[in-house]
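This report concerns only the one structure given below.
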C-alpha cells in the first residue's frame, strides 16, 4: 500500500472524548497537548507530575483538560473515571518507566505496569460504547539477545530487569484480555479494539526524568557540570517524541475506522541507520549547545541494562500511513535547541511545544 502521510488525520479527534492515563508524564504531556490542539475532549488520569520542572505543569493552564490525579493501581477509582467519561479513545501510558528505578522498586514496578494495565482493560469491559484502546508498552519487551537483528512484533517477549520484564508481562495481559473479552472475531458484540505499541528510546524537549540520557546531559550542561556517561557504547533506537506520538494517533484513527484490521502489536522507531551509541549523542549535544564536557565513569559492577537494541518497523511503515520523518541528528538538534531556548529564557515551554508540533506537521504534509 502506498504510504501517504499527512497530519489531516488529526481532524478525526475533534470533539471526541479521549482518556489518557499518564498524561502528566513526558510522553503523555506531548500526546495530551497534541490531542488538545486537535480539538479533542481530553480527560487525563495520572499521578502528580514526578519531576520539577514538569512539562505538563508548564502548559496545563493553557489547555482545556479534565485532570484526575490518582493511581492506576486504584482499580475502582480508575473504572469510575473511565465509565463516567465514556471515551471514544483510550491511550494508556501510565507506568513506572525507569529501568534503574525498577531495581530499587521491583514490586511497585510490577504492580503498576502489570496490574495497572489489567485494571484499565477490566474497566473497558464495562464500557457501553465503541472504544479504540492504544496501550503503550516499550521496545524493551523483547527477549534481548544483544544482536544486530532488529526485533519484530512476533519475536519472543522477555526481560532481564524488572522494568523490561514487567512490560513483557503487560503485553501478555493485553493479549489475554484481547483474546478473552475483545476478540476481533466478535467485534460486533463488544465493539472494543485493543492494540499495544512499542517505541524505542524517545527524546525531546520537556523530559526531566532521572537516569535518562538526554535529561542528564541537559542538566549537566545547563548547570555547568560534567556529563557523566556510564555506558558509552550502548546503542539505542533514538527517536524524537513526536514520531511515536503521531504514530499512536494515526493508529488510533486506523483502529477506529477498521477495528479488526489493526489489532495486535506495533513497533514505532527510527530507521536502523539511526541507531547511535550513547557517547555520540552526548558529543552531538555538546556541539549543538556550544559547551559541556564528558566524564566517562564506567562501572564494572553497574546494574544490568541492555547494550544493543533495534526495532523492525516495517509493519507500521507497510500497513499504516506512518514512517519516521526525522533522522536522529535532526531529533537531537531540535531536542537540545528546545532545552537551550528554555534555559536561556528565549521561549516558554508552550511556545516550544507549539513550534515542534507545527514543524512536525510540516514534515508530514510535505
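The values are calculated or read from the model by the stated rules, or taken from the named source; none is laboratory data. What you see is a predicted model, and the numbers here were worked out from it, not measured in a lab. Virtual Cβ from ideal backbone geometry, glycine too; neighbours counted across all protein chains shown.
Scanning the stretch 168-186 for residues that are touching a helix residue (DSSP H, G or I) at 6+ places or on another chain (Cβ under 9 Å), over 17 Å from residue 96 (Cα atoms), touching a residue at least 12 places away in the same chain (Cβ under 8 Å) and surrounded by fewer than 23 Cβ atoms within 10 Å (Cβ to Cβ) returns 172, 177, 178, 181, 184. Remark: pairs (first residue in the stretch 82-93, under 11 Å from residue 45 (Cβ atoms); second residue in a loop (DSSP other than H, G, I, E, B); Cβ separation under 8 Å; 6+ apart in sequence or on different chains) = 82/127; 87/127; 92/22; 93/22; 93/23; 93/25.
Can you confirm whether the stretch 269-283 contains a residue that is crowded, with 21+ Cβ neighbours inside 10 Å, part of a loop (DSSP other than H, G, I, E, B) and either on the phi > 0 side of the Ramachandran plot or at pLDDT below 95 (or both)? Checked the stretch 269-283: at least one residue is crowded, with 21+ Cβ neighbours inside 10 Å, part of a loop (DSSP other than H, G, I, E, B) and either on the phi > 0 side of the Ramachandran plot or at pLDDT below 95 (or both). Does the stretch 134-143 hold any residues that are in a strand (DSSP E or B) and touching a helix residue (DSSP H, G or I) at 6+ places or on another chain (Cβ under 6 Å), and which are they? Listed by number, the residues that qualify are 134, 135. Kindly check whether there is at least one residue in the stretch 104-111 that is part of a loop (DSSP other than H, G, I, E, B) and more than 30 Å from residue 271 (Cα to Cα). Yes, there is a match, as at least one residue in the stretch 104-111 is part of a loop (DSSP other than H, G, I, E, B) and more than 30 Å from residue 271 (Cα to Cα).
Residues of the stretch 193-214 that are closer than 19 Å to residue 329 by Cα and either part of a loop (DSSP other than H, G, I, E, B) or over 16 Å from the mean Cα position of the chain (by Cα) (or both): 200, 201, 204, 205, 206, 207, 212.
Restricting 189, 283, 239, 250 to residues that are closer than 29 Å to residue 149 by Cα and without any contact (Cβ under 8 Å) to a residue 12 or more places away in the chain narrows the list to 283.
Filtering 249, 213 for residues that are out of contact with any strand residue (DSSP E or B) (no Cβ under 6 Å at 6 or more places or on another chain), under 30 Å from residue 318 (Cβ atoms) and buried (at least 21 other Cβ atoms within 10 Å of the Cβ) leaves a single hit, 249. Given the structure, is residue 231 touching a residue at least 60 places away in the same chain (Cβ under 8 Å), outside any helix (DSSP H, G or I), surrounded by fewer than 24 Cβ atoms within 10 Å (Cβ to Cβ) and in contact with a helix residue (DSSP H, G or I) (Cβ under 8 Å, 6 or more places away or on another chain)? The answer is yes for residue 231. Any residue in the stretch 9-32 that is at positive phi and crowded, with 20+ Cβ neighbours inside 10 Å? Yes, the stretch 9-32 contains at least one residue that is at positive phi and crowded, with 20+ Cβ neighbours inside 10 Å.
Beta carbons closer than 6 Å, at least 6 apart along the sequence or on distinct chains, pair a first residue in the stretch 55-70 that is assigned to a loop (DSSP other than H, G, I, E, B) with a second that is surrounded by fewer than 18 Cβ atoms within 10 Å (Cβ to Cβ) for 70/77. Total residues in the stretch 144-167 satisfying the condition of being in contact (Cβ under 8 Å) with a residue 24 or more places away in the chain, under 26 Å from residue 108 (Cα atoms) and part of a loop (DSSP other than H, G, I, E, B): the figure is 3. When each of 265, 185 is tested for being part of a helix (DSSP H, G or I) and either over 30 Å from residue 58 (Cα atoms) or modelled with pLDDT of 95 or more (or both), the lone residue that passes is 185.
Yes/no per residue for (1) more than 18 Å from the chain's Cα centre (by Cα); (2) closer than 28 Å to residue 261 by Cβ; (3) without any contact (Cβ under 8 Å) to a residue 12 or more places away in the chain:
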{"site": "309", "(1), (2), (3)": "no, no, no"}
{"site": "327", "(1), (2), (3)": "no, no, no"}
{"site": "330", "(1), (2), (3)": "yes, no, no"}
{"site": "339", "(1), (2), (3)": "yes, no, no"}
{"site": "344", "(1), (2), (3)": "yes, no, yes"}
{"site": "349", "(1), (2), (3)": "yes, no, no"}
{"site": "359", "(1), (2), (3)": "yes, no, no"}
{"site": "363", "(1), (2), (3)": "yes, yes, no"}
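Which one of these does residue 98 not meet: (1) buried (at least 17 other Cβ atoms within 10 Å of the Cβ); (2) out of contact with any strand residue (DSSP E or B) (no Cβ under 7 Å at 6 or more places or on another chain); (3) more than 26 Å from residue 211 (Cβ to Cβ)? Just one mismatch for residue 98, condition (3).
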